[in-house]
Amino acid sequence: MHVSRICSDLVRIRSENPPGKTDEAIEYIRAFLEGLGIRSSIYGSGDGLDNLVAVRKDSRLMFAGHVDVVPALDHTWNRPPFSGIIEEGFVWGRGATDMKGGCAAILSACEMLADAGKEIPASLAFVCDEEEGGVHGMRYLLSKSLLAPCDCVIAEPTPARHPTIGQKGLCRASFVFEGVSAHGSLYPAVGVSAIMEAAAFLSFVRTLHDDEYPVDETMREILACSSKVLGEEFGIEKVREVLPKLTYNPGIIRGGEKSNVVAQHCEFDLEMRIPWGCSIADILDRLSAHANHATMTVTESNNPTITDPASPLVATTCREVERVYGGPVFPIVQWAASDARHLRKYGFSVLEYGPGEIASLHAVNERVSITSLENATDIYCGIMKKYAEPSPQN
């Protein structure tokens, strides 16, 4: 089956997160692999939050992907977001780029090797819940010791010539501000507004983006090269301020009781992407010191992570990318979080490389080009063949 058809099939299977049900998508993959003679097992925490693992004993390589996608509203799309339409050289629909296209390329590579009479020299993991932090997905599999540490390629979308070897850290915290209620006509002479306290705190948060953090010369060069590549990919004018600096987003805020009452309660959720050289503990101490009248609760905290650019996995992947695409090929780091951070905690050497139109990621009219699907399949086959060699020239 052509990789575009596999991708289209997966896009048509709805798996928005929330709610995160992936049982139908996982069953499609299970049946596909069974047709290739690859046995797999399904694991999950219930309610359709399914994951699939196909373990090859003593394998030094694993391919991984997530099958959950972010939601989409039909009325803003040129084509229905779950149609999986194939036209104009693209597969269209939610998840085509992030990352059912990558999952399709993994399956297609396995099919190509199986059709050639070769064994698949890699374990496989397809998970739910990446879009919501991985509690029911990759983190669940790792906590149950269902995956053994090895070299791992996550088929997340990346620039065509640039595997991603590192991600900024991620810190999420919630803040609850308590004020002193009074009649609104008397504020600020009387009462303490929880909303105004939160606003003053957010003014401080804004200043965190101005700080710079020390890194060694190698990391500085990686950040500079990565910023250039990602700036061209996304067309972001100030991209050079994203990777080396702390970025933040107060994504949800709720507060107040009535327009003529001084707000007694305000709460919001803050997400921060942590750069290399930055201490999360120090940032949290500074936030706590400025959060007057507030309680802070940290809900997630992960430091920046990176795989050694000189590692066998990175070298092999870059060679295969160069074979297919030509031109300059080098690894980069990025600002978005992924399952890579969870795998690295458990001793995996991880990189991301996959097909996709990155500018359409999570956006209206998401799509993936058929050419990038085919090239990713070719590259995955090449990586598998190298790892199948008794003494890979890594």
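Filtered by the rule that a residue be open to solvent by 10 Å² or more (accessible area, probe 1.4 Å) and more than 26 Å from S83 (Cβ to Cβ), region 349-380 gives S349, D378.
Checked against (1) of a type outside the set (K, R); (2) under 13 Å from the mean Cα position of the chain (by Cα); (3) open to solvent by 10 Å² or more (accessible area, probe 1.4 Å); (4) at pLDDT 95 or above, V333 meets all criteria but (3).
Apart from one condition, I252 fits all of (1) surrounded by 13 or more Cβ atoms within 10 Å (Cβ to Cβ); (2) touching a Phe, Trp or Tyr at 6+ places or on another chain (Cβ under 7 Å); (3) not aromatic (F, W, Y); the exception is (1).
Counting only residues that are among the polar types (S, T, N, Q) and under 24 Å from V321 (Cα atoms), region 120-165 holds 3 of them. Each residue in region 229-261 was checked for being of a type in the set (D, E, K, R), part of a loop (DSSP other than H, G, I, E, B) and under 20 Å from A199 (Cβ atoms), and 2 of them qualify. Of the numbered conditions (1) farther than 25 Å from F234 by Cβ; (2) in contact with a helix residue (DSSP H, G or I) (Cβ under 8 Å, 6 or more places away or on another chain), T297 fails exactly one; give the number of that condition. So T297 meets the others, but not (2). Note on region 1-24: among residues that are under 22 Å from K144 (Cα atoms) and open to solvent by less than 30 Å² (accessible area, probe 1.4 Å), the one that is modelled with the highest pLDDT is T22. Taking the conditions (1) more than 15 Å from L52 (Cα to Cα); (2) open to solvent by 20 Å² or more (accessible area, probe 1.4 Å); (3) of a type in the set (K, R) in turn, K144 satisfies each one other than (1). When region 109-128 is limited to residues that are open to solvent by 10 Å² or more (accessible area, probe 1.4 Å) and touching a residue at least 12 places away in the same chain (Cβ under 8 Å), the one that is nearest to S40 (Cα to Cα) turns out to be S123. Looking at region 294-364, the strands (runs of 3 or more DSSP E) lying wholly inside it that each contain 1 or more residues that are charged (D, E, K, R) sit at 294-302, 349-352.
Yes/no per residue for (1) more than 21 Å from the chain's Cα centre (by Cα); (2) open to solvent by 10 Å² or more (accessible area, probe 1.4 Å); (3) of a type in the set (S, T, N, Q):
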{"residue": "R39", "(1), (2), (3)": "yes, yes, no"}
{"residue": "L49", "(1), (2), (3)": "no, yes, no"}
{"residue": "L52", "(1), (2), (3)": "no, no, no"}
{"residue": "K57", "(1), (2), (3)": "yes, yes, no"}
{"residue": "M62", "(1), (2), (3)": "no, no, no"}
{"residue": "H66", "(1), (2), (3)": "no, no, no"}
{"residue": "H75", "(1), (2), (3)": "yes, yes, no"}
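Name the residue that is farthest from the chain's Cα centre (by Cα), counting only residues in region 158-174 that are under 13 Å from N249 (Cα atoms) and open to solvent by less than 10 Å² (accessible area, probe 1.4 Å). Top of the filtered list is A173. With the condition kept exactly as written, say whether any residue in region 284-298 is at pLDDT 95 or above and touching a Gly at 6+ places or on another chain (Cβ under 9 Å). No - not one qualifying residue is present in region 284-298. For region 79-88, the condition of being in a helix (DSSP H, G or I) and either modelled with pLDDT of 95 or more or farther than 14 Å from A25 by Cα (or both) holds for none of the residues. Within region 256-283, the only residue that satisfies the criterion of being within 15 Å of P214 (Cα to Cα), open to solvent by 40 Å² or more (accessible area, probe 1.4 Å) and touching a residue at least 12 places away in the same chain (Cβ under 8 Å) is G277.
The values are calculated or read from the model by the stated rules, or taken from the named source; none is laboratory data. The shown structure was predicted, so the numbers you read here are calculated from the model rather than taken from an experiment. Heads up, the Cβs are rebuilt from the backbone with ideal geometry, glycines too, and the neighbour counts pull from every protein chain shown. Surface areas here come from the heavy atoms of the whole protein model, side chains and all, with no ligands, DNA or RNA. Shrake-Rupley method; radii C 1.70, N 1.55, O 1.52, S 1.80 Å.
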